[in-house]
Amino acid sequence: CGDFAAQYPHVRLKVNTHVSESIHDELRQQTLDLALTGAYDPHDHIAVPLLEERIIIAMHRSLMKNDRLLPYALTAEQILSRSYTEEQEMEDFSLFCDVPFFRFRKGSLAYQQMAKILGSYAATPHTMVNAPNRGIHYSMMCAGLGALLTNDTHIAVSPLSSEDIVFFVPHCPESHRTLYLICRRDLPQNHPAHRFIDVAIERMRSGRLFSLLRNNQHYLCKEDQS
């Protein structure tokens, strides 16, 4: 947004960070011009892939009571470099049967992801109650209070790192996610939404986005309610 405002100071930005279930309806009703989302209708939207994410499981090493988890435990460096092999990806989630997981608000995107990836293990008696936001979840996970479904983007920008935190990569299509910037197909080519997409792609290609997120992680942890 800062880059865009600097390049196009005559355009007034109105940013809504609220996660809406009706985001596509809002685009159709023209109350939104642009959205960042993982799903879109190719007939209605122009979609530009902005970020490839991998959904992962993070937890403190002290929760690893089952020795059969050891071959799948990865470090943050392996996660961020994606230097793990397919054999190190997990398919048998029964190995987590004694591990408490943080659960999310029913119906939320995180709740749906957890149900798709972990299945019945997303609602075990060991599941911990929800915390107000993702930053608190991650802090509590680092303290050894439970396992957390997160993603490699969050690991990349989080200042909370420790050799005692281990990560597991689910071996399933649901663990792969692409985030798109989307806009309506009926927008004219000179619409500011198209210029915003250009600026966003340049920011991603330059690698400056993650450095910006790292510098503002304390703010994200406070404000991120998704």
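The values are calculated or read from the model by the stated rules, or taken from the named source; none is laboratory data. For clarity, every value in this text was computed on a predicted model and none was experimentally measured. Every residue, glycine among them, receives a Cβ derived from its backbone with ideal geometry; neighbour counts consider all protein chains shown. Areas reflect the complete protein model, heavy atoms only, side chains present, ligands, DNA and RNA absent. Shrake-Rupley method; radii C 1.70, N 1.55, O 1.52, S 1.80 Å.
Suppose the filter is open to solvent by 40 Å² or more (accessible area, probe 1.4 Å) and under 26 Å from THR37 (Cα atoms); does LYS106 pass it?
Against the criterion (open to solvent by 40 Å² or more (accessible area, probe 1.4 Å) and under 26 Å from THR37 (Cα atoms)), LYS106 qualifies.
Can you tell me how many residues within the range 86-97 are of a type outside the set (Gly, Ala, Ser) and without any contact (Cβ under 8 Å) to a residue 60 or more places away in the chain?
5
Give all pairs with beta carbons closer than 8 Å in which a residue from the range 64-85 that is of a type in the set (Gly, Ala, Ser) meets a residue that is surrounded by 15 or more Cβ atoms within 10 Å (Cβ to Cβ); count only pairs at least 6 apart in sequence or on separate chains.
ALA73/MET64; ALA73/VAL166; ALA73/PHE167; ALA73/PHE168; ALA76/ILE155; ALA76/ILE165; ALA76/PHE167
If you take the residues in the range 1-26 that are touching a residue at least 60 places away in the same chain (Cβ under 8 Å) and in a helix (DSSP H, G or I), which one is surrounded by the fewest Cβ atoms within 10 Å (Cβ to Cβ)?
Out of the qualifying residues, it is GLN7.
Could you tell me how many of the residues in the range 64-89 are open to solvent by 30 Å² or more (accessible area, probe 1.4 Å) and assigned to a helix (DSSP H, G or I)?
Of the residues in that region, 12 qualify.
I'd like the full set of residues that are in contact with a Ser or Thr (Cβ under 7 Å, 6 or more places away or on another chain) and either open to solvent by less than 40 Å² (accessible area, probe 1.4 Å) or part of a strand (DSSP E or B) (or both), limited to the range 27-60.
PRO49, LEU51, GLU52, GLU53, ARG54, ILE55, ILE56, ALA58
With the condition being modelled with pLDDT under 90, I'd like the strands (runs of 3 or more DSSP E) fully within the range 134-226 carrying at least 1 qualifying residues.
Per the criteria, 148-151, 176-184.
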